[in-house]
Amino acid sequence: MRPRHRLALPLVALLGAGAAALPTLAAGDGPPASASYTAVDNLWVLAGSSGTRATIATGGTVSFAYPSGANTHDVVFPSVQPTSCAMTAGTSGGPVPPLPDPPQGPGWAGTCTFTVPGTYSFYCRVHPDSMVGTIVVQDPAPTVPATTTETTPAAAGPLPADTTPATTVAPVAPTPAAVGAVTVARAQRGTVVRGSLVVGRAGRLSLEALAPRSAVAAAAAVRLTTVGRVAARTVPAGRRRFSIPLTVTGRRALRRHGRLAITVRVTLRSAAGAITRDTTGIVLRPPRT
């Protein structure tokens with residue numbers, strides 16, 4: 001009989017680093033309700049930050065604007081979409097996002113609302129290699145109610161001493177996210193997408209590399225198709241490294257176009273059946289020869 005071989009998954013990372021403690025927010029702390037991005041030719045500038053990763057509270061809003069310059073820009077969410085978007089300046093040729101559609105010169109602005117927790121990646125179709133960003137939507141940390149002490153009015157004569165033990169209310173820490181802290185280099189070379197993530201709860205993990213269908217096959221709409229996928233049955237909590245090799249189709253598209261805008265989608269299915277998804281975007285270029 002021919003020997004049977006197990007299918008070896010290329011999950012270099014999921015075998016990697018040991019568990020790391022997840023940060024917890026102090027009771028009552030929480031992310032802000034809004035964030036603001038400004039397009040400065042070929043770059044996104046996030047107000048109050050040197051990076052392009054914003055964190056807002058569930059139900060919050062993010063504004064985008066291109067007030068001045070000499071180019072055209074837009075905002076595209078390649079996979080997970082905001083709850084709603086609206087133009088506040090300029091015009092759009094159809095439903096938004098994309099915001100606006102088609103890309104426009106200076107003078108446009110818009111706002112998107114996010115009511116579902118998760119990670120939302122976005123980029124500019126005209127400059128997908130340099131104009132990328134990420135919006136993380138989080139539920140606020142639970143607020144621990146303050147304890148109050150009632151004072152009993154003094155009665156005639158002394159009262160007996162109260163011997164009831166004092167009750168201490170412990171702060172309630174938020175439940176760690178099932179998937180968080182997905183870290184990837186925004187610009188990578190080669191035919192393998194690499195990064196790391198934090199798994200908050202053990203479960204079945206799958207990772208996909210998605211590229212616009214128009215880059216893989218003739219199509220007008222910006223839709224995503226899978227160009228790489230890895231999976232593992234059970235992944236314990238902690239930080240894990242991962243690598244996602246491109247499929248033959250993905251490698252051909254990379255060679256043909258010289259670069260691919262890749263969306264990394266992470267899906268975790270817990271033992272209880274709950275599903276958590278997270279996404280982030282990168283630009284992949286061919287390996288140096």
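The values are calculated or read from the model by the stated rules, or taken from the named source; none is laboratory data. Note that the coordinates shown come from a computational prediction; the quantities given were computed from them, not determined experimentally. As a convention, Cβ positions derive from the backbone with ideal geometry for all residues, glycine included, and neighbour counts pool all protein chains shown.
If you check Thr113 against the conditions, is it in contact (Cβ under 8 Å) with a residue 40 or more places away in the chain and either crowded, with 19+ Cβ neighbours inside 10 Å or not in a loop (DSSP other than H, G, I, E, B) (or both)?
Working: in contact (Cβ under 8 Å) with a residue 40 or more places away in the chain: yes; either crowded, with 19+ Cβ neighbours inside 10 Å or not in a loop (DSSP other than H, G, I, E, B) (or both): yes.
Yes; evaluated as a whole, the condition is true for this residue.
Among what's in region 55-100 and is modelled with pLDDT under 90 and of a type in the set (A, V, I, L, M, F, W, C), pick the residue that is farthest from Val126 (Cα to Cα).
The selected residue is Val80.
Among the residues of region 62-88, what is the count of those that are buried (at least 21 other Cβ atoms within 10 Å of the Cβ) and either aromatic (Phe, Trp, Tyr) or assigned to a loop (DSSP other than H, G, I, E, B) (or both)?
Number of matching residues: 5.
How many residues does region 271-289 hold that are among the small types (Gly, Ala, Ser) and without any contact (Cβ under 8 Å) to a residue 24 or more places away in the chain? Give the steps one after another, and end with the answer.
Of the residues in region 271-289, the ones among the small types (Gly, Ala, Ser) are 271-274, 281.
Retained after the next criterion (residues that are without any contact (Cβ under 8 Å) to a residue 24 or more places away in the chain): 272-273.
Adding up the residues that qualify gives 2.
Output yes when any residue across region 243-255 is farther than 18 Å from Thr191 by Cβ and of a type in the set (A, V, I, L, M, F, W, C), and no when none is.
Going residue by residue through region 243-255, those that are farther than 18 Å from Thr191 by Cβ are none.
No, region 243-255 has no match at all.
If we keep just the residues of region 246-270 that are over 24 Å from the mean Cα position of the chain (by Cα), free of Cβ contacts under 8 Å to residues at least 60 places away in the same chain and on the phi < 0 side of the Ramachandran plot, which is surrounded by the most Cβ atoms within 10 Å (Cβ to Cβ)?
Result: Ala253.
Can you tell which of Val132, Val144 is more than 18 Å from Leu46 (Cα to Cα), at pLDDT below 90 and surrounded by 14 or more Cβ atoms within 10 Å (Cβ to Cβ)? Break it down into steps so the answer makes sense when it comes.
Details: Val132 fails: more than 18 Å from Leu46 (Cα to Cα).
Within the list Val132, Val144, the selection yields Val144.
Would a scan of region 171-186 turn up a residue that is modelled with pLDDT under 55 and either of a type in the set (Lys, Arg) or crowded, with 20+ Cβ neighbours inside 10 Å (or both)? Please lay out each step first, then the result.
Taking region 171-186 as the starting set, the residues that turn out to be modelled with pLDDT under 55 are 171-177.
When the remaining residues are screened for being either of a type in the set (Lys, Arg) or crowded, with 20+ Cβ neighbours inside 10 Å (or both), the result is 177.
For region 171-186, residues modelled with pLDDT under 55 and either of a type in the set (Lys, Arg) or crowded, with 20+ Cβ neighbours inside 10 Å (or both): present.
Among the residues of region 193-229 satisfying the criterion of being in a strand (DSSP E or B) and of a type in the set (Lys, Arg), which is modelled with the lowest pLDDT? So that I can check it myself, show each step before the final result.
Keep residues of region 193-229 that are in a strand (DSSP E or B), which gives 193-199, 203-212, 224-229.
Pick out the ones that are also of a type in the set (Lys, Arg) and you get 194, 204, 229.
Values: Arg194: 91, Arg204: 85, Arg229: 91.
Applying the filter and picking the extreme gives Arg204.
Go through the residues of region 56-68 one by one and say whether even a single one is free of Cβ contacts under 8 Å to residues at least 24 places away in the same chain and either farther than 16 Å from Gln104 by Cβ or outside the structural domain of Pro95 (by TED's automatic domain parsing) (or both).
Taking region 56-68 and keeping what is free of Cβ contacts under 8 Å to residues at least 24 places away in the same chain, we get none.
Checked region 56-68: no residue is free of Cβ contacts under 8 Å to residues at least 24 places away in the same chain and either farther than 16 Å from Gln104 by Cβ or outside the structural domain of Pro95 (by TED's automatic domain parsing) (or both).
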